[in-house]
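Engineer: My questions will all concern the structure given below.
We did not get these values from a lab; they are worked out from the coordinates using the rules stated. What you are looking at is a predicted structure, and each value in this text was computed from that prediction instead of being measured.
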Amino acid sequence: MRQRLARPPGRLVFDDVSPVIWQALDNETYEAKEAKWISKAVKPGDRVLELGSGIGIITSLIAQIPDVQVWAFEANPADDGPREYEEAEPDAA
């Protein structure tokens, strides 16, 4: 049975994300080069197939573009399927 971790405010939590990845997510360097190219490469109305989606950071950025359809697959056998997570609360304005 997986241990459910407490959710940091406004963030998804996966129980198998390493501290190194958490640090990169916190300081916005995780897949930063890939992320900056999303708006240049993907346009509204595009269909995107992402192979090797990892924890879904790039997938989530692609999915925010209007009228984009995205299919994402992770083939890593160490990734044993859907993870438990807490939904992020919207930031209070």
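Engineer: Taking amide H positions as placed 1.01 Å from N in the peptide plane, with prolines and chain starts having none, which residues 5 or more places from residue 53, or on another chain, fall under 5 Å of its amide H?
Structural biologist: Amide H neighbours of residue 53: 73, 74, 75.
Engineer: Want the number for residue 26 to residue 46: 0.36 nm per residue separation, take away the alpha-carbon distance, what's left?
Structural biologist: 4.3 nm
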